[in-house]
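Report on one structure; see the data block that follows.
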Amino acid sequence: MVEINYNILKNNLYGRLDSGKKKYLFCYDIKNDKLLNIKEIEDFYFQVGVDKLKLKKEGNRESAYFRNLFKNEKLQIIELGNEEKISDIKGSWIKVRTEKGDIGWCFDGYLNAIN
């Protein structure tokens, strides 16, 4: 069985494929009808698109945060969490590792994929 979840950010379709054994993320350019990349989840990176995005202890809105992420910070995805809509932006909570080694959760609606 393959599970497909997705969201749309800035004319790109981001999604995850879960075959039960391996998990992948993909990025598809809707405007140009082109697959940009598909990688195993651990090989997929995002860049923070806003200043002071909260890095949280758990993957939900109510969780306490322990540090701010800043624009252009690079994040490695560890795990995908639940989908949610925040301020009219649909996205998912994702567990990430920062370049400094901090591990926590953030909302991917404010991130940009690095190709």
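Annotation: of all residues in the stretch 28-45 being closer than 13 Å to ILE77 by Cβ and of a type in the set (A, V, I, L, M, F, W, C), the one that is modelled with the highest pLDDT is PHE44. The number of residues in the stretch 72-90 that are surrounded by 13 or more Cβ atoms within 10 Å (Cβ to Cβ) and outside any strand (DSSP E or B) comes to 1. Across the stretch 52-71, the qualifying residues are those that are among the polar types (S, T, N, Q) and in a loop (DSSP other than H, G, I, E, B), and the one among them that is farthest from ASN112 (Cα to Cα) is SER63.
The values are calculated or read from the model by the stated rules, or taken from the named source; none is laboratory data. Since this is a predicted model, take the numbers as computed values, not measurements. Cβ coordinates were reconstructed from backbone atoms using ideal geometry, including for glycine residues, and neighbour counts include every protein chain displayed.
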